[in-house]
Amino acid sequence: MTGLNDAQYAVKLLDLVPNLKRVASTGGGEYAGACPFCGGRDRFRVHPESNRWYCRQCGDGKWHDVLDFIMRRDQCSLKDAAKRLNVPFQINFTADVKRQFSEYKAPDQEWQKMALAIVDRCQSILFSDAGKLGLDYLISRGLKTNTIKKFKLGYSPAFWVGKVKVPKGITIPAINGGVCWYIKIRSLQNDKDMRYLCVSGSKSNALFNGDDVSGLPYSLVTEGEFNAMILDQEIGDVMAVCSLGSAANKLDALAWGRYFLAQRYVLCLFDDDPAGEKGFENMQEFLGKRVKRLKLPKEGDINDFLIAGGDVWQWLKPEWKKVDPDEVTNGN
């Protein structure tokens, strides 16, 4: 075995949960039975081909991998679960690249409490008279109210929480599994060097909207949060979308690898520039050949395309079809 991708198939879930009954034969089959965590009769499902499990009661509405199963069964960390699956920590996602990883961790609990309070406060301000400037800006970027609320966007007029300053601008939190990794501030000033800032203590090398990606067969990864939000708004019903926050970010395998374990393809939409090219190379190093780069619809980014009247689905459909013709033809 060479890494977390191999861990997905190293131990079969059907061996871990005996006495399940086969309830479907298409698509690789499906097995059902009582959940080992919460009971019931047939709420627990296993898809042997992808080696993933799902529980209608305690599975959070998503399919989970074998690492999640071991973590929940043994009440252990991802690192310990990987050890129990005999996954070496010399993790290697490509044939020639070897690197020693230490898990990238979210900010501590004290920061979490502060950050979530900031998020709530800025959300309230955004939909008040004091936040009109911020709300007008978000609408001008093509975002709808339900999208703004889903991503917990807010507006800061600039204030302090103890010794931590929340700069003036749009607040963009990255929350995965209830854990806030960063709060980014999009300044509404024209200073390009100060366009994006982070609240002190943020861990910005994190997925934005990662929860939507975990457990699905496809995802679309963008550079920035605004592109991810627009794509989620327009095509989120057919394609899970997340963002790296920046093409320069290089995801930590232990922290984020399991989000992509079951995915057949990871589609990348990065800018057509050296930073975008490097970002794509990093994703291929991280996840291998299943990472495919999509072509931008025209000059600018997907946000510019939508504002100019473009149809995001009509752009994506032929691009996706180049990667997986059967999926687009049969499923979408």
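The values are calculated or read from the model by the stated rules, or taken from the named source; none is laboratory data. This one's a predicted model, so the numbers in the text were calculated from it and none came from an experiment. Virtual Cβ from ideal backbone geometry, glycine too; neighbours counted across all protein chains shown.
Worth pointing out:
- Matching entry among Lys152, Lys163, Lys184 (being touching a residue at least 40 places away in the same chain (Cβ under 8 Å) and either over 15 Å from the mean Cα position of the chain (by Cα) or not assigned by TED's automatic domain parsing to the domain that holds Arg293 (or both)): Lys184
- Selection from the range 127-146 of residues that are of a type in the set (A, V, I, L, M) and touching a residue at least 40 places away in the same chain (Cβ under 8 Å): Leu133, Leu143
Rundown of residues vs (1) surrounded by 15 or more Cβ atoms within 10 Å (Cβ to Cβ); (2) touching a residue at least 24 places away in the same chain (Cβ under 8 Å); (3) of a type in the set (A, V, I, L, M), yes/no style:
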residue: Val266; (1), (2), (3): yes, yes, yes
residue: Asp304; (1), (2), (3): yes, no, no
residue: Asp311; (1), (2), (3): no, no, no
residue: Gln314; (1), (2), (3): no, no, no
residue: Lys321; (1), (2), (3): no, no, no
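- Taking the criterion of being of a type in the set (Phe, Trp, Tyr) and either part of a helix (DSSP H, G or I) or under 26 Å from Lys62 (Cα atoms) (or both), the residues of the range 138-193 that qualify are Phe151, Trp181, Tyr182.
- Qualifying residue in the range 250-258 (condition: surrounded by fewer than 14 Cβ atoms within 10 Å (Cβ to Cβ) and within 16 Å of the chain's Cα centre (by Cα)): no
- Residue in the range 221-228 that is over 21 Å from Asp68 (Cβ atoms) and assigned to a loop (DSSP other than H, G, I, E, B) present: yes
- Options Ala158, Ala130, Ala174, Ala115; residue that is at pLDDT 95 or above, within 23 Å of Ser202 (Cβ to Cβ) and surrounded by fewer than 17 Cβ atoms within 10 Å (Cβ to Cβ): Ala158
- Pick from the range 117-143, criterion of a type in the set (Val, Ile, Thr) and under 25 Å from the mean Cα position of the chain (by Cα), ranking: farthest from Gly309 (Cα to Cα): Ile118
- Residue satisfying all of: in the range 187-212; in contact (Cβ under 8 Å) with a residue 40 or more places away in the chain, buried (at least 23 other Cβ atoms within 10 Å of the Cβ) and touching a Leu at 6+ places or on another chain (Cβ under 9 Å); nearest to Gly162 (Cα to Cα) among these: Ala206
- Between Ala262, Ala255, Ala248, Ala206, the distinction of being modelled with pLDDT under 90, under 21 Å from Gly279 (Cβ atoms) and in a loop (DSSP other than H, G, I, E, B) belongs to Ala248 only.
- Count of the range 220-237 residues which are within 30 Å of Val46 (Cα to Cα) and surrounded by fewer than 22 Cβ atoms within 10 Å (Cβ to Cβ): 3
- Condition broken by Glu285, with the remaining ones in (1) in contact with an Asp or Glu (Cβ under 9 Å, 6 or more places away or on another chain); (2) surrounded by fewer than 23 Cβ atoms within 10 Å (Cβ to Cβ); (3) not hydrophobic (A, V, I, L, M, F, W, C) satisfied: (1)
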